[in-house]
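The values are calculated or read from the model by the stated rules, or taken from the named source; none is laboratory data. What you see is a predicted model; the values in this text were computed from it and never measured. Glycine also receives a Cβ, built like all others from the backbone with ideal geometry; neighbour counts cover every protein chain displayed.
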């Protein structure tokens, strides 16, 4: 029996976990394309807003903007999957390898604690999550480090609750799992610390 042909989208050396993440992302993009095409053809574009909100996990304002946005720009709102995490190292789709990351719909960057004076205590500051919200996150994942030493300032969770943004706080490997699951079909943002 011949072995099944490998899809050209898989890079050599990809683990089955990496392939699963990539397949989930492709499914999400396909779903997004279908939703946007249906919404843009609708007789009443306003009637399509709840459909777009549900499909992308967007706010009403963001969903309304989708109707006038080319599909390629809509898919850019997807949050990049985390391909791997290990002590002091993370690999995120489309970004250079790094230690700590700030991820949001459409991309991400290194999370530099010095920008806002973040330390293990009092931990993740409200200003740390503000950028995630400005960049369209409708749900937030905060990692507490591999040994749970990074705290989350109570003012941070209070800010997210005030704004009606669900927040998940977990040890880093669990936070990565939650984030990747949400990133398949939600506008998720996250802060990830890959050491203590």
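Brief remarks on what is shown
- Qualifying residue in region 139-158 (condition: more than 20 Å from residue 94 (Cβ to Cβ), in a helix (DSSP H, G or I), within 19 Å of the chain's Cα centre (by Cα) and at pLDDT 95 or above): yes
- Checked against (1) closer than 26 Å to residue 53 by Cα; (2) under 18 Å from the mean Cα position of the chain (by Cα); (3) modelled with pLDDT of 95 or more, residue 111 passes all but a single condition, namely (1).
- Test: residue in region 91-99 that is in a strand (DSSP E or B), in contact with a helix residue (DSSP H, G or I) (Cβ under 8 Å, 6 or more places away or on another chain) and within 20 Å of residue 128 (Cα to Cα): no
- Here region 109-130 is the region considered, the condition is being part of a helix (DSSP H, G or I) and touching a residue at least 40 places away in the same chain (Cβ under 8 Å), and the residue that is surrounded by the most Cβ atoms within 10 Å (Cβ to Cβ) is 129.
- Filter result for residue 185 (in contact with a helix residue (DSSP H, G or I) (Cβ under 9 Å, 6 or more places away or on another chain) and farther than 22 Å from residue 52 by Cβ): no
- Checking each residue in region 181-196 for being out of contact with any strand residue (DSSP E or B) (no Cβ under 6 Å at 6 or more places or on another chain) and either outside the structural domain of residue 137 (by TED's automatic domain parsing) or in contact (Cβ under 8 Å) with a residue 40 or more places away in the chain (or both) picks out 183, 184, 185, 187, 195, 196.
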